[in-house]
1. Please verify whether the stretch 65-73 includes one or more residues that are hydrophobic (A, V, I, L, M, F, W, C) and over 18 Å from the mean Cα position of the chain (by Cα).
2. Show the residue pairs meeting these rules: Cβ distance below 7 Å; 6+ apart or different chains; first residue within the stretch 165-185 and closer than 19 Å to GLU201 by Cβ and open to solvent by 30 Å² or more (accessible area, probe 1.4 Å); second residue assigned to a helix (DSSP H, G or I) and at pLDDT 95 or above.
3. Pull up the stretch 1-22, narrow it to residues that are in a loop (DSSP other than H, G, I, E, B) and within 20 Å of the chain's Cα centre (by Cα), then point me to the one that is farthest from ASP79 (Cα to Cα).
4. Within the stretch 151-164, can you find the residues that are open to solvent by less than 10 Å² (accessible area, probe 1.4 Å), in a loop (DSSP other than H, G, I, E, B) and under 23 Å from ILE208 (Cβ atoms)?
5. Taking LEU144 and the conditions (1) within 19 Å of ILE218 (Cβ to Cβ); (2) free of Cβ contacts under 8 Å to residues at least 60 places away in the same chain; (3) of a type in the set (A, V, I, L, M), which numbered condition does it fall short on, given that it satisfies the others?
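The values are calculated or read from the model by the stated rules, or taken from the named source; none is laboratory data. Not measured: the values here are computed from a predicted model. Cβ coordinates were reconstructed from backbone atoms using ideal geometry, including for glycine residues, and neighbour counts include every protein chain displayed. What goes into the accessible areas is simple: the full protein's heavy atoms, side chains included, and nothing from ligands, DNA or RNA. Shrake-Rupley method; radii C 1.70, N 1.55, O 1.52, S 1.80 Å.
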Amino acid sequence: MTSFSIPTEVSRITEALKKSSFQAYLVGGCVRDLVSGLKPKDWDVTTNAKPEEIAALFAKTFYENVYGTVTVVNEETTDETLRHIEITPYRLESKYSDQRRPDTVTWSTKLEDDLKRRDFTINALALDPAEGEIVDLYNGQKDLKDKIVRAVGKPEERLSEDPLRIMRGIRLATQLGFAIESETAASIQKTANSLKIISPERIRDEFIRIIMTKEPMIGLVLAHKL
């Protein structure tokens, strides 16, 4: 068991889910940051509860999306990173015909289904905050230690599902000072042209995040290369 510092606003949410006999894991970037000893900039929870079951547990929420994400509003906090906590049901996704959104989304009862659809191994970590147990199906902790950005499963499949992941991989490598794993880098080169179907606004957002890192030129050179 590993001890992590979890804000009360977050643990209150996971505890409420567990008290109602649901599973509750922290997932994604916040777990990556916790394992790396960094302070998370946002907090995401995943669960086997359905959207309506999640919303029924909390005083103030909003839910307006096909992914089932319910946002819990913590009005009493002064920390903006804790004001909105997103809770998403485990889900399975079909093919991405428009290379942006899955054609269909199905709720799942298994955490494994949720983790296998994620973009990079370092983002496919889940943490049970009550037990301090990390679920790591894709050796994300090793890639964190080795400072590598590697796609989950087959890189070309992950990138073709949402080509913005091309930009995100470069941004993560730049932001964290990591290298992009060779097969993932080759797939970025191969699929780079598919970025043309992504809206300029989404590309702009990732590009701004690249140039706002401590070493923006590294990201620009890497983007130029790939």
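1. Going through the stretch 65-73, the residues hydrophobic (A, V, I, L, M, F, W, C) turn out to be 66, 70, 72-73.
This time we only want the ones that are over 18 Å from the mean Cα position of the chain (by Cα), so: 73.
Yes: the stretch 65-73 contains one or more residues that are hydrophobic (A, V, I, L, M, F, W, C) and over 18 Å from the mean Cα position of the chain (by Cα).
2. From residues that are closer than 19 Å to GLU201 by Cβ and open to solvent by 30 Å² or more (accessible area, probe 1.4 Å), the pairs are ARG168/GLU206.
3. Initially, the stretch 1-22 is screened for residues in a loop (DSSP other than H, G, I, E, B), giving 1-7, 20-22.
With the extra rule that they be within 20 Å of the chain's Cα centre (by Cα), the set shrinks to 4-7.
Values: PHE4: 19, SER5: 15, ILE6: 14, PRO7: 10 Å.
Step by step, filter the stretch 1-22, then rank; the result is PHE4.
4. PRO163
5. It is condition (2) that LEU144 fails.
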